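Report on the following structure.
The values are calculated or read from the model by the stated rules, or taken from the named source; none is laboratory data. Remember, predicted model here, so these are calculated numbers, not experimental data. So basically every Cβ, Gly included, is an ideal-geometry build from the backbone, and we count neighbours across all protein chains shown. The protein model used for the area step is the full one, side chains on, heavy atoms only, and it has no ligands, DNA or RNA in it. Shrake-Rupley method; radii C 1.70, N 1.55, O 1.52, S 1.80 Å.
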Amino acid sequence: MRSKIVAGNWKMNKNLAETEALLTELAAKLPDTNAEVMVAPTFVNLASAVHSLESSTINAIAQNMHFAESGAYTGEISGDMLVSIGVDTVILGHSERRAYFGETDEILEKKVKAALAKNLRVMFCFGEELADRKSENHFKVVESQIKNALFSLDASAWSSIILAYEPVWAIGTGETASADQAQEMHAFIRKTITEAYNEEIANNVSILYGGSVKPANAEEIFSKPDVDGGLIGGAALVADNFVDIIKAI
Ligand code: 13P
């Protein structure tokens with residue numbers, strides 16, 4: 001059975017004091033839930049976040065990593081470094097990494113393999129741009145993003161993969177995909193994985209929706225059968241909002 005997940009991607013927000021304050025508030029207000037709750041603070045505060053959350057069920061995860069083992073990659077972070085501070089999950093392929101930092105499918109395939117080789121779980125993000133949806137190419141775009149980065153993996157690797165469908169036009173815009181649009185895409189993703197691998201793998205992978213998820217729309221989106229949770233940006237930066245979204249699942 002696939003698990004329910006609510007993850008907060010804090011992006012480039014919150015300094016050290018703000019990180020500690022938000023984690024303390026979240027840990028205190030965390031509702032009873034069967035869902036796995038994750039937060040992804042900035043790298044500079046990740047080790048202290050792991051430490052602060054030691055007695056909490058909230059999992060601190062990474063926003064990115066490099067594919068190389070180590071070496072002359074100024075400013076980059078390796079999988080081994082993440083593991084060494086107690087991180088077990090890394091977000092890869094976020095649309096902001098693709099758009100602003102030139103991350104291609106080819107680079108992402110290498111990153112995914114490097115992360116899995118370190119026994120990290122990968123939360124793999126993908127999603128179409130507005131022009132793709134307007135031209136009705138959204139299924140094709142999503143299929144190729146998943147296929148190019150993930151379909152060379154062995155079947156056994158899929159137990160360490162979490163998918164996050166984040167249509168670019170819905171990120172930070174206040175415009176969310178409708179629950180039906182999310183469901184339609186998530187079902188398509190499962191069908192694509194069934195064809196490439198098998199139904200068991202497709203049914204066991206958690207597929208999160210991301211893009212302007214708020215307390216007001218979370219319940220409807222999460223009620224869809226193929227939506228297993230959310231990857232939350234802006235609303236994850238305010239404890240009460242994030243807590244309400246966790247309650248919605
Ligand atoms: P928003 O929730 O701010 O739209 O961001 C979504 C996102 O990009 C999460 O990774």
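Work out how much length residue 148 to residue 198 would gain on full extension: take 0.36 nm times their residue separation and subtract the Cα-Cα distance, in nm to one decimal.
Between residue 148 and residue 198, full extension yields an extra 16.2 nm.
Starting from 0.36 nm per residue, how many nanometres of slack lie between residue 238 and residue 180 once their C-alpha separation is accounted for? Kindly include the intermediate steps, with their values, before the conclusion.
On the way: separation 58, 0.36 × 58 = 20.88 nm, distance 2.67 nm.
Extra length available between residue 238 and residue 180 comes to 18.2 nm.
Would you please state the base-10 log of I(q)/I(0) at q = 0.07, 0.08, 0.11, 0.14 1/Å for the chain, with intensities from the Debye formula using one equal scatterer on every alpha carbon?
Reported log10 I(q)/I(0), two decimals: -0.21, -0.27, -0.53, -0.89.
Evaluate the distance, in nm, between pseudo-label points positioned 7 Å from the Cα of residue 51 and of residue 187 along their respective Cα→Cβ axes.
According to this spin-label approximation, the distance is 4.9 nm.
Rg to Rh for segment 1-64: what is it, with Cα atoms only and Rh by Kirkwood?
Reported Rg/Rh, Kirkwood definition of Rh: 0.95.
At 1.4 Å probe radius, can you tell me the per residue accessible area of the chain in Å²?
45
Please give the Cα centre distance for segment 95-145 versus segment 208-249, rounded to the nearest Å.
21
Can you give the convex hull volume per residue for the Cα atoms of segment 1-134, as a whole number of Å³? Mind dumping the intermediate values first?
Working: hull volume 19.4 nm³, N = 134.
Output value, Cα hull per residue: 144 Å³.
Enumerate the calculated ³J(HN,Hα) couplings along segment 117-122 in order (Karplus 6.51 cos²θ - 1.76 cosθ + 1.60, θ = phi - 60°), each rounded to whole Hz, writing x wherever the residue is Gly or Pro.
5, 9, 6, 7, 7, 10
What distance in nm separates the two pseudo spin-label positions at residue 220 and residue 27, each 7 Å out from Cα along the beta-carbon direction?
3.6
Can you find, among 72, 45, 27, the residue farthest towards the positive end of the dipole of segment 1-118? Put +1 on the C-beta of Lys and Arg, -1 on that of Asp and Glu.
27
For segment 48-54, take each phi angle, set θ = phi - 60°, evaluate the Karplus expression 6.51 cos²θ - 1.76 cosθ + 1.60, and give the result in whole Hz per residue in order, putting x for glycine and proline.
Here the 3J(HN,Hα) series is 5, 5, 4, 5, 4, 9, 3 Hz.
For a quick size check, give me the Cα extents of segment 125-249 along its three principal axes, largest first, whole Å.
40, 32, 21
State log₁₀ I(q)/I(0) for segment 151-219 at q = 0.12, 0.17, 0.26, 0.29 Å⁻¹ as given by the Debye formula over alpha-carbon point scatterers of equal weight, solvent excluded.
Each listed q corresponds, in turn, to -0.36, -0.66, -1.11, -1.27.
Note down the relative contact order for segment 90-166 as a percent, whole number, built from C-alpha pairs under 8 angstrom at least six residues apart. Intermediate values should be presented prior to the final figure.
Values: 87 pairs, mean separation 30.4, N = 77.
Relative CO of segment 90-166 lands at 39 percent.
Hey, what did segment 102-249 get for relative contact order, percent, Cα under 8 Å, at least 6 apart?
21
Using modelled amide H (1.01 Å from N, peptide plane; none on Pro or chain starts), what sits under 5 Å from the amide H of residue 162, excluding residues fewer than 5 places away?
122, 123, 124
Averaging sequence separations of C-alpha pairs under 8 Å and six or more residues apart, then dividing by the length of the chain, give the relative contact order as a whole percent. Mind showing how you got there, number by number?
Numbers: 469 pairs, mean separation 54.3, N = 249.
Over the chain, the number comes to 22 percent.
Rounded to two decimals, what is the ratio between the C-alpha radius of gyration of segment 79-123 and 2.2 N^0.38 Å?
Computed over Cα atoms of segment 79-123, the ratio equals 1.15.
Which of the lysines could a cross-linker bridge to residue 140, judged by Cα under 25 Å and excluding same-chain residues fewer than eight apart?
110, 111, 113, 191, 224
Mark the label point 7 Å from the Cα of residue 159 along Cα→Cβ and return the residues of segment 191-208 whose backbone N is within less than 19 Å of it.
194, 197-207
Given the DSSP H assignment, sum -39500 (n - 2.57) over each helix run of at least 4 residues in the chain and divide by its residue total; what's the result at 222 nm in deg cm²/dmol, nearest 500?
Helix-only estimate at 222 nm: -12500 deg cm²/dmol.
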